[in-house]
Amino acid sequence: MLNIGVLISGRGSNLQALIDASERGEIPAKIAVVISDRADAFGLERARKHKIDAVHVNPKDYKDKNTYELEIVKVLKNHQVGLVCLAGYMRIVGQVLLEHYQGKMINIHPALLPSFPGLHAQKQAVDHGVKISGATVHFVDEGCDTGPIIIQASVPVLDDDTEETLSARILDEEHKIYPQAAKMFAEGKLKIEGRKVKSLSNNL
Ligand code: GRF
């Protein structure tokens, strides 16, 4: 069975969606470890509640990004992780994590990429006046929210939406598509071809 490692920095509602889907048997994988760069991330408590190893790796304890990421890789390898899910992990992934996990590391972003990458994606969408936004799960590459797209879900942007109301509507979709993407990966159904991700289930 595939072991998943989840990297977080905060609340961890997407982590919770992954845990719940895995416990319900909807993903042929188990969440083996949760790693946070912040000691106070609520997601660490969620993990402990489900008897999942919860590890705080403090970037301040390491001399640079590479040594910090080497420690994360060590923890992931100790748990024989085959898929890394970034779930509200507020750092740009560096070369060490990419060297070890590119093609096996995915992220969720609260916009329809390539629109509105980076921080405050929902506010960017409201401010821009788009009529549709959504969520994207993608493989992680060296850019910020630029990697090959696995799955997207759209939501309407309403005239009176604020960053908060749009965020809540998008979050509901995030909690559906992140487990779906993890399931497709776990079942070996995702194939990266250049920028595109082919979902082999469509071809069966
Ligand atoms: C989500 O909106 C996710 O798309 C973004 O950060 C937020 C994390 O929320 N990358 P949570 O910690 O999963 O609740």
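The values are calculated or read from the model by the stated rules, or taken from the named source; none is laboratory data. As the structure is a computational prediction, the values presented were derived from the model and not from experiment. For neighbour counting, all protein chains shown are included, and Cβ atoms are generated from backbone atoms with ideal geometry for every residue, glycine included. These area figures cover heavy atoms from the full protein model, side chains too; ligands, DNA and RNA do not enter into them. Shrake-Rupley method; radii C 1.70, N 1.55, O 1.52, S 1.80 Å.
Numerical summary
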{"quantity": "Hey, E45 open to solvent by less than 70 Å² (accessible area, probe 1.4 Å) and either more than 15 Å from the ligand (Cβ to nearest atom) or part of a helix (DSSP H, G or I) (or both) or not", "calculated": "no"}
{"quantity": "Unmet requirement for V155, which otherwise passes all of (1) farther than 22 Å from R38 by Cβ; (2) open to solvent by less than 20 Å² (accessible area, probe 1.4 Å); (3) within 12 Å of the ligand (Cβ to nearest atom); (4) in contact with a Ser or Thr (Cβ under 9 Å, 6 or more places away or on another chain)", "calculated": "(3)"}
{"quantity": "Matching option when the condition is more than 14 Å from the ligand (Cβ to nearest atom) and under 21 Å from E187 (Cα atoms), among L15, L76", "calculated": "L76"}
{"quantity": "Members of region 131-152 found to be open to solvent by less than 40 Å² (accessible area, probe 1.4 Å) and among the aliphatic types (A, V, I, L, M), listed by number", "calculated": "A135, V137, V140, I150, I151"}
{"quantity": "Failed criterion for I92 (all others in (1) within 16 Å of A29 (Cβ to Cβ); (2) within 14 Å of the ligand (Cβ to nearest atom); (3) assigned to a loop (DSSP other than H, G, I, E, B) hold)", "calculated": "(1)"}
{"quantity": "Criterion: surrounded by fewer than 18 Cβ atoms within 10 Å (Cβ to Cβ), in a helix (DSSP H, G or I) and within 16 Å of the ligand (Cβ to nearest atom) - qualifying residue of D20, D40", "calculated": "D20"}
{"quantity": "Filtered residues of region 175-192 (kept if open to solvent by 70 Å² or more (accessible area, probe 1.4 Å) and β-branched (V, I, T))", "calculated": "I192"}
{"quantity": "Residue within region 114-122 that is crowded, with 20+ Cβ neighbours inside 10 Å, part of a helix (DSSP H, G or I) and either within 16 Å of the ligand (Cβ to nearest atom) or of a type outside the set (V, I, T) (or both) present", "calculated": "yes"}
{"quantity": "Matching residues in region 1-29 - criterion: being in contact (Cβ under 8 Å) with a residue 40 or more places away in the chain and on the phi > 0 side of the Ramachandran plot", "calculated": "G12"}
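Listed here are the residues, each with its yes/no results for (1) out of contact with any Gly (no Cβ under 6 Å at 6 or more places or on another chain); (2) surrounded by 13 or more Cβ atoms within 10 Å (Cβ to Cβ); (3) without any contact (Cβ under 8 Å) to a residue 40 or more places away in the chain; (4) within 25 Å of L171 (Cα to Cα).
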position	(1), (2), (3), (4)
K49	yes, no, yes, yes
P59	yes, yes, yes, no
Y62	yes, yes, yes, no
I72	yes, yes, no, no
G88	no, yes, no, yes
V93	yes, yes, no, yes
L98	yes, yes, no, no
Q102	yes, yes, yes, no
